[in-house]
Amino acid sequence: MSNAKERSFIGAVTTRPDIRLFFIFGQDESANTDIASQMAAQLVGAERVDIDSEQIRNDPALLADEASSMSLFGDQRYLRVNFRREEGLAAVENLLALEGEVNPVIAIAGNLTKASKLRKLVESHPRALAYISYLPEEADAAASVMAYAATTGLKLDRSLAARIARYTGQDRKLAQAEIEKLSLYYDASPQRPVTVEIAAFEALSAETGEENVGGLVNQVMGGELRGAGRELVAAREMGVEPIRIVRALQRRVTLLASLRAKVDSGSNPGAVVKATRSIFWKEADDFIKQLSRWPSVRLAGLNGHLLDVESKLMSVRENLAMVILEEELIRIARAAARRG
């Protein structure tokens, strides 16, 4: 599920020994993680060393030290880092200052603005290579689903591929999981290709449909307090990860902000929603309602707040993370309800 630019970036991890840091960031969190995983897969047999951004915030020399140290047995190694915000700036500066042979660092971050000091550093430094991901349009997401399906031996028509993209919220990893589930169902392979029937997808997706967080996002952003409460109970019972919920909400806020900008320029909300291919027709009324409740300035504020919430969720235990997230979602739903 990649384009030529993405494939070139992934391949650079084995062809660009001059690069110290491969930095992946942007709106599509799922794509960021997938790209990092594909790069790691290129380093066959290499030892993986994980470093938390909290560690390098407290010890700015740690990243450079680990990157310059060799494996105990002399094997190849690489580092994986997940940045939350700007806490690793000094550590990255130390890493990029290293001379000689260095273990590659593969790092991911969220949606950094152009004002971000970390983003400015990695985009301008000759020893860093950056890749920015954007939320895909539905046509692009459907094409990616079809391309990935082909690697497993499945043939999909475009309408079914678009349906899978919508069902998974255009989350690349979730879409891949659906494809892999279908591949197992059909016992397909590139040497034994199979055409997927809609009925098979409906039957298999029904088993995990309750894990889809789209309903929860609609209830929260629409100011439906009772509905949001019901969806939260269901999400908790299914064990849906809090970070998945907050990132789905971030994607919705980003999309609403782009739509709201068109409304602010004089376009009709209904026409704007109808013309947006990534919106499933059954959700059109929900989007129109949300556009009326969330002006641009409040969407911008909510987007910044959600980044703070994400950072908080990643720093606490999982059981506490769900409690924090539930409180935040109810606050957001109440804010939306007041603007109705």
How many residues of region 246-267 are touching a residue at least 60 places away in the same chain (Cβ under 8 Å), open to solvent by less than 30 Å² (accessible area, probe 1.4 Å) and not β-branched (Val, Ile, Thr)? The answer is 3
Specify which of the listed residues (GLU87, GLU66, GLU101) is more than 26 Å from the chain's Cα centre (by Cα) and buried (at least 16 other Cβ atoms within 10 Å of the Cβ). GLU66
If the Cβ limit is 7 Å and pairs must be 6+ apart or interchain, which residue in region 268-288 that is closer than 16 Å to VAL217 by Cα and in a helix (DSSP H, G or I) pairs with which residue that is of a type in the set (A, V, I, L, M, F, W, C) and modelled with pLDDT under 90? PHE287/ILE279
Residue count, region 295-319 (criterion: touching a Leu at 6+ places or on another chain (Cβ under 8 Å) and over 26 Å from MET238 (Cα atoms)): 1
Of all residues making up region 18-42, the number that are closer than 13 Å to VAL105 by Cα, touching a residue at least 40 places away in the same chain (Cβ under 8 Å) and open to solvent by 10 Å² or more (accessible area, probe 1.4 Å): 3
From the list ALA31, ALA46, ALA36, pick out the single residue that is small (Gly, Ala, Ser) and farther than 23 Å from GLN176 by Cα. ALA46
How about region 289-311: which of its residues are in a loop (DSSP other than H, G, I, E, B) and among the hydrophobic types (A, V, I, L, M, F, W, C)? TRP294
Run SER53 past the list (1) touching a strand residue (DSSP E or B) at 6+ places or on another chain (Cβ under 7 Å); (2) modelled with pLDDT of 85 or more; (3) closer than 27 Å to VAL316 by Cα; (4) not acidic (Asp, Glu) and report the number of the one that doesn't hold. (2)
I'd like to know if region 312-325 contains one or more residues that are of a type in the set (Gly, Ala, Ser), out of contact with any Lys or Arg (no Cβ under 6 Å at 6 or more places or on another chain) and free of Cβ contacts under 8 Å to residues at least 12 places away in the same chain. no
Residues within region 106-125 that are among the hydrophobic types (A, V, I, L, M, F, W, C), in contact (Cβ under 8 Å) with a residue 40 or more places away in the chain and out of contact with any helix residue (DSSP H, G or I) (no Cβ under 6 Å at 6 or more places or on another chain), tallied: 3
Give ARG127, ARG163 a once-over and let me know the one that is buried (at least 18 other Cβ atoms within 10 Å of the Cβ) and either in contact with an Asp or Glu (Cβ under 8 Å, 6 or more places away or on another chain) or modelled with pLDDT under 95 (or both). ARG163
Can you find even one residue in region 221-238 that is under 22 Å from GLU29 (Cα atoms), modelled with pLDDT of 90 or more, surrounded by fewer than 18 Cβ atoms within 10 Å (Cβ to Cβ) and out of contact with any Gly (no Cβ under 8 Å at 6 or more places or on another chain)? no
Per the filter on region 201-210, residues assigned to a helix (DSSP H, G or I) and either surrounded by fewer than 15 Cβ atoms within 10 Å (Cβ to Cβ) or modelled with pLDDT of 90 or more (or both) are GLU202, ALA203, GLY209, GLU210
Can you pull out every residue in region 170-192 that is of a type in the set (Gly, Ala, Ser) and either buried (at least 21 other Cβ atoms within 10 Å of the Cβ) or in contact with a strand residue (DSSP E or B) (Cβ under 8 Å, 6 or more places away or on another chain) (or both)? ALA175, SER183, ALA188
Within region 104-124, how many residues are within 23 Å of ILE19 (Cβ to Cβ) and surrounded by fewer than 16 Cβ atoms within 10 Å (Cβ to Cβ)? 4
Only residues that are surrounded by fewer than 13 Cβ atoms within 10 Å (Cβ to Cβ) and part of a helix (DSSP H, G or I): list them for region 312-322, please. GLU318, ASN319
Residue count, region 149-159, condition touching a helix residue (DSSP H, G or I) at 6+ places or on another chain (Cβ under 6 Å) and surrounded by fewer than 20 Cβ atoms within 10 Å (Cβ to Cβ), comes to 2
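The values are calculated or read from the model by the stated rules, or taken from the named source; none is laboratory data. Note that the coordinates shown come from a computational prediction; the quantities given were computed from them, not determined experimentally. No Cβ is skipped: glycine too gets one built from the backbone with ideal geometry, and neighbour counts run over all protein chains shown. For accessibility, only protein heavy atoms count, side chains too; no ligands or nucleic acids. Shrake-Rupley method; radii C 1.70, N 1.55, O 1.52, S 1.80 Å.
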